[in-house]
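S.K.: Just dropping this structure here.
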Amino acid sequence: MSKPNALFNKRKLVLACCAAMTGLGHSVAFADAASAEDVEVISVVGHKLTEFEQQNDGGALGKRSIQETPFSVDVISLEDMEIRQVNTLSSLFSREASVSVDGSAYSSFGDTIRVRGLGLDYTQSFKINGMSINSFSGELPYEAFEQVTLIKGATGFMYGMAAPGGIVNYSTKRATQTAVSANVGLRSDSVLSAHVDAGTRFGDDDSFGVRVNAVKEDGDTYLDNGGIDRETVSLAFDANLTDSLLWTVDLIYSDRLIENSWNRFSVNMAASEPLPATVSGSRNLAVDGTFDGYKNLIAISSLKWNINDNWQLQLDYDYSKNETRWVKSLNYLLNSAGDLNILTYEQYFDVDYDQVQAIVNGDFSTGGIKHNVVFGVSHQEATTYRNDGGQFGRKVTRNYATSNLYTPGDVPAYEATLQKDAPVAWVDTQQSVFVSDFIELTEEWELLLGIRSNNIEHDTSDYFASYHDNYDDTAVSPTVALMYKPAANTTYYASYVESFEGQTSAVGEEYANANDLLPPLESLQYELGMKMAGQGWSVSSALFRIERGATMVTEDNYLIQDGISLYQGFEFSGALTVTENLSLYGDAMFLSAEYDKTSTANQGNDVGGAPEQQFTLQTNYNVSAVPGLTVNLGGKFHGKTALDAANNWELPSYTLVYGGVSYTTTVADNELTLIGSVDNLFDKEYWAIGDSYGGGNMRIGEPRTFAVKVKMDF
């Protein structure tokens, strides 16, 4: 199989960046060199104790601490990502009880996630530094980020039209001093990786900073005959042009190729048949020759002006380009014996995305009442290119082959033949104007009022008009919240928000009405919550109710919108320092999700794909007898889940255990860290949800995997 051509010579760029940064003078470690007795151990729980102090980029809410944000928010730190060796959305959110994963990092649709049982979308639910990007592959290069923030629930007011499950915001790394760090790693089965992270500050008073990350990953994945080849380069530049003017630029390029990528099952069995027995997570049912190639280019520039002590202006522009070429194999599960019918299709699919945003925020008083206001405007445009027709149109081969889940048949290899000829298919445009006001009624009571006006347009090209109609609509997303703060470290809140989906969506190939256009859905959210922290402990909780327009699959395999999906639940999380060396973190979600106000037979059924409950527990222990050594152990319980909207099948509950160890010491005045981790420690076999529509799609759960890394800070 020939790999897709690169946009430019990436290897030369990686080498040039590494050479330039490693050549910096007087390189020092990111952390000061220390004796073995003084080495600071890594903790996967520690940052949770101070999480509420972190600043959150809340879009139309402005930048506020998590303590002062009237919504449920989780933060994942760089330290946490490093010790757990995060490389997928699944591992990123492995300890977040409100999050479940709908795909595998090595599947032909990439990862995407659910929050509170609601699926996130590729085009509006993922942000970098608060700006929208297109992330069709689902996975971003985690090495480029300092922190990941998850804002749960409907966020349409804060960021514009988006799926109501939540927003994942990635914050890029910044140069803090001149430093170089390098690591090499090995991951199951034989995936080798190398990563250089280098940064420096220069100019008068260190006014300028630049940080570069370069990554190469290549090898055989845990899937039989599966492989990955990934290259990433990122650059973060910042310049204090004056005492009040800051300019930042972020560039990220990633080329990710997954070979022989297997896909989810579409369950086409009779309703009376039980689900088949599970199989090993390394089982790969992909047709030989299938692959998923994703090239992503992201460029973000921001100008921040402190007009005076009370007012700030921020101008942002971001551009992202996603080039996708794939050959997919879709498996239709025919019966409990595991018989499969295989469909293949290959296609080019590109998206160009632009966003411009301007925000003014400031403080003023009216009488004895203080106001913190945010005014903003935003324009987003996503242009989609597809080759569905013509000489080089999408190639779909139904009944390509038959096989079996337990005794795979002799399936012929697939040879990709398409050439790239992808004209404009459609353009989605979103424009919005928003304003919010945090009103400090007293020292203890604060009121939030906000409103966002959104206009969305879906314009099809002449060539694609036979598939889609044009669409134009305007929606208003109001929000209101009341916060009570009896102490500096305690907040109680009640909030209400309305939200709309990010854009129209095309029905996938596995459904009978493939390529039909589904309009954006409306959602309403009510939430009561609490955040509290003290010396060595923190707790938060939330009661929520989300009403969302329902998407479901009919008995004759049509994907439709009808009625609403009602999500009601409770979340709780807490972190505790038990002793000087032992800390704990726990997270829980209880969820009731059902279809309501629908004209179909699904009325009152559980929403397909939404788990009834999930729990996580994470421990961290610093071994005092061995300075620099820390171990961690955790687990996540996944509750039983309805597989489909008709509730014909239910996926049983399962528990996954994971753990890790790290050891930090000094070698020749440089800090050396050894990290080892294991996921699915007991190699549990399980079925997991395989799509975000509740359409009866499931996937094979991941097997036990290992990862080791050696890191040196110079």
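S.K.: Take Asn647 and tell me if it is crowded, with 18+ Cβ neighbours inside 10 Å, of a type outside the set (Val, Ile, Thr) and part of a loop (DSSP other than H, G, I, E, B).
M.R.: Numbers: crowded, with 18+ Cβ neighbours inside 10 Å: yes; of a type outside the set (Val, Ile, Thr): yes; part of a loop (DSSP other than H, G, I, E, B): yes.
The answer is yes for Asn647.
S.K.: Kindly indicate whether Thr673 is modelled with pLDDT of 95 or more and in a strand (DSSP E or B). It would help to see each step written out before you state the result.
M.R.: Working: modelled with pLDDT of 95 or more: yes; in a strand (DSSP E or B): yes.
In short, yes.
S.K.: Here's a follow-up. Taking Gln503 as meeting all but one of (1) surrounded by 17 or more Cβ atoms within 10 Å (Cβ to Cβ); (2) modelled with pLDDT of 80 or more; (3) not in a strand (DSSP E or B), write down the number of the exception.
M.R.: Unmet for Gln503, out of (1) surrounded by 17 or more Cβ atoms within 10 Å (Cβ to Cβ); (2) modelled with pLDDT of 80 or more; (3) not in a strand (DSSP E or B): (2).
S.K.: Could you tell me which of the residues Gly289, Gly281 is touching a residue at least 40 places away in the same chain (Cβ under 8 Å), at positive phi and either among the aromatic types (Phe, Trp, Tyr) or assigned to a loop (DSSP other than H, G, I, E, B) (or both)?
M.R.: That would be Gly289, the only listed residue that is touching a residue at least 40 places away in the same chain (Cβ under 8 Å), at positive phi and either among the aromatic types (Phe, Trp, Tyr) or assigned to a loop (DSSP other than H, G, I, E, B) (or both).
S.K.: Can you confirm whether Thr344 is in a strand (DSSP E or B) and over 30 Å from Ala481 (Cβ atoms)?
M.R.: Yes: the conditions hold for Thr344.
S.K.: Moving on to the next point. Of all strands (runs of 3 or more DSSP E) completely enclosed by region 1-102, which ones contain at least 3 residues that are of a type outside the set (A, V, I, L, M, F, W, C), more than 29 Å from Pro627 (Cα to Cα) and at pLDDT 90 or above?
M.R.: No strands (runs of 3 or more DSSP E) qualify here.
Conditions tested, residue by residue: (1) crowded, with 16+ Cβ neighbours inside 10 Å; (2) among the aliphatic types (A, V, I, L, M); (3) not in a loop (DSSP other than H, G, I, E, B).
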residue	(1), (2), (3)
Val433	no, yes, yes
Asp437	no, no, yes
Thr442	no, no, no
Arg452	yes, no, yes
Ile456	yes, yes, yes
Phe464	yes, no, no
His468	yes, no, no
Pro478	no, no, yes
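S.K.: Scan region 362-377 and tell me whether some residue there is buried (at least 20 other Cβ atoms within 10 Å of the Cβ), within 28 Å of the chain's Cα centre (by Cα) and among the polar types (S, T, N, Q).
M.R.: no
S.K.: On to the next question. Can you pull out every residue in region 88-119 that is in contact with a Gly (Cβ under 9 Å, 6 or more places away or on another chain) and among the polar types (S, T, N, Q)?
M.R.: The answer is Thr88, Ser90, Ser94, Ser98, Ser100, Ser104, Ser107, Thr112.
S.K.: Right, another one. Inside region 603-647, can you point out the residues that are among the β-branched types (Val, Ile, Thr) and under 20 Å from Ile113 (Cβ atoms)?
M.R.: Result: Val607, Thr616, Thr641.
S.K.: Among the residues of region 468-482, is any under 30 Å from Gln535 (Cβ atoms) and modelled with pLDDT of 90 or more?
M.R.: yes
S.K.: Of all the strands (runs of 3 or more DSSP E) wholly in region 216-269, which have at least 2 residues that are aliphatic (A, V, I, L, M)? Quick ask: steps written out before the conclusion?
M.R.: Working: elements: 227-242, 245-259, 265-267.
Filter on region 216-269 gives 227-242, 245-259.
S.K.: Do you know which of the residues in region 313-361 that are of a type in the set (Asp, Glu) and buried (at least 21 other Cβ atoms within 10 Å of the Cβ) is nearest to Thr407 (Cα to Cα)?
M.R.: Checked region 313-361; the qualifying residue nearest to Thr407 (Cα to Cα) is Glu346.
S.K.: Let me ask something else about it. Six or more apart or on different chains, Cβ under 9 Å: which pairs go from a residue in region 471-499 that's free of Cβ contacts under 8 Å to residues at least 24 places away in the same chain and over 14 Å from Ser436 (Cα atoms) to one that's part of a strand (DSSP E or B) and charged (D, E, K, R)? Could you list them?
M.R.: That search, which allows pairs on different chains as well, returns Asp472/Glu457; Asp472/Asp459.
S.K.: Then there is this: Of all residues in region 174-193, count the ones that are within 14 Å of Asp713 (Cα to Cα) and assigned to a strand (DSSP E or B).
M.R.: 6
S.K.: Just one of the numbered conditions (1) modelled with pLDDT of 85 or more; (2) assigned to a strand (DSSP E or B) is not true of Tyr414; which one?
M.R.: Only one criterion in (1) modelled with pLDDT of 85 or more; (2) assigned to a strand (DSSP E or B) is unmet by Tyr414, namely (2).
The values are calculated or read from the model by the stated rules, or taken from the named source; none is laboratory data. Keep in mind the model is a prediction, meaning the values are calculated, not measured. Positions of Cβ are generated from backbone atoms using ideal geometry, with glycine treated the same way; all protein chains shown enter the neighbour counts.
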